[in-house]
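Colleague: Encoded as structure tokens, here's the structure I'll be asking about.
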Amino acid sequence: MRKRILLLEDEQAIADTLIYALHSESFDVTHVRLAREALTAHEKTPPDLAILDVGVPDGSGFDVCRAIRKSSDLPIVFLTARHEEIDRVLGLELGADDYVVKPFSPREVCARVRAILRRSAAAASALAPMAPASAGVALKLDEQAQRIVCAGQVLALTRYEFLLLATLLRRPQRIFSRTELMELVWGGAPHTSDRTVDAHVKLLRAKLRDQGLQGEVIQTHRHMGYSLRLPD
Ligand code: CA
């Protein structure tokens, strides 16, 4: 089935190149220019993913994201004009799945969209029945499917949450400094900071707690960084 993309972008030339690229990859695209139109479109026909421009005439993509997040885990990709916005986009406040900075190549955007949709499809289809907590290892990294299973359930993670937890999970007990994590997870992207790492750790801890994992799985080491303690 064709996946439906909601595109919020007020610059026609940018929208046109994106629509062209998305159509050529067999996505259906609903294009809107205003924040309020995006919310109406989202309500009327929920899309499979939203691409939101940050700056639009009647508000911002951030507001649209916040409104959508109240009722839905819809994957969201931001189009940002400035690097300074990235911290907000990926941080605690908005929890987007990904972003691209203008100017971007439409092909790159399509590749991100495909990757995110693959991940969320994997998370949705692989909901194994809940296993008893004592049945083997509680957290399991499935490298091939790019997902993490916790107590028999696939965790719904954003891109960077996944990369962060996978990094810790590959080497349990090892302490990673924030600088190392920025390099390994964010690829040394400019404008990531210690706070980016901390915000994602906080989100991950909440998700692991929601799965019923007891105690702090991601441990803080003062002045050193983070490590993963495998739950018993
Ligand atoms: Ca704009």
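Colleague: Give the dimensionless ratio obtained when the Cα radius of gyration of the chain is divided by 2.2 N^0.38 Å. Could you put the intermediate results ahead of the total?
Modeller: Values: Rg = 18.3 Å, N = 232, 2.2 N^0.38 = 17.4 Å.
Ratio of Rg to 2.2 N^0.38 Å for the chain: 1.05.
Colleague: Each residue of region 200-212 in turn: what ³J(HN,Hα) in whole Hz from Karplus with 6.51, -1.76, 1.60 and θ = phi - 60°, glycine and Pro shown as x?
Modeller: Those phi angles translate into 6, 4, 4, 5, 5, 4, 4, 5, 5, 4, 4, 7, x Hz.
Colleague: Keeping the other protein chains in place, figure out the carbon and sulfur percent of the accessible area of the chain, with a 1.4 Å probe.
Modeller: Working: 6140 of 11790 Å².
Roughly 52 percent of what the probe reaches on the chain is carbon or sulfur.
Colleague: Further question on the same structure: Between region 9-53 and region 159-181, what is the C-alpha centre distance in whole Å?
Modeller: Centre-to-centre distance over Cα atoms comes out at 34 Å.
Colleague: Which of the aspartates and glutamates could a cross-linker bridge to LYS140, judged by Cα under 19 Å and excluding same-chain residues fewer than eight apart?
Modeller: Straight-distance partners of LYS140: GLU161, ASP210, GLU216, ASP232.
Colleague: Right, another one. On C-alpha positions alone, give me the angle between the axis of helix 106-125 and the longest principal axis of the chain, in degrees, nearest 10.
Modeller: Long axis of 106-125 versus the principal axis of the chain: about 50 degrees.
Colleague: Using Cα positions and a limit of under 12 Å, work out the aspartates and glutamates in reach of LYS3, with same-chain residues fewer than 8 apart set aside.
Modeller: Output for LYS3: GLU25, ASP28, ASP48.
The values are calculated or read from the model by the stated rules, or taken from the named source; none is laboratory data. Computed from a predicted structure; not experimentally measured. Keep in mind that these areas ignore ligands, DNA and RNA; they rest on the heavy atoms of the full protein, side chains included. Shrake-Rupley method; radii C 1.70, N 1.55, O 1.52, S 1.80 Å.
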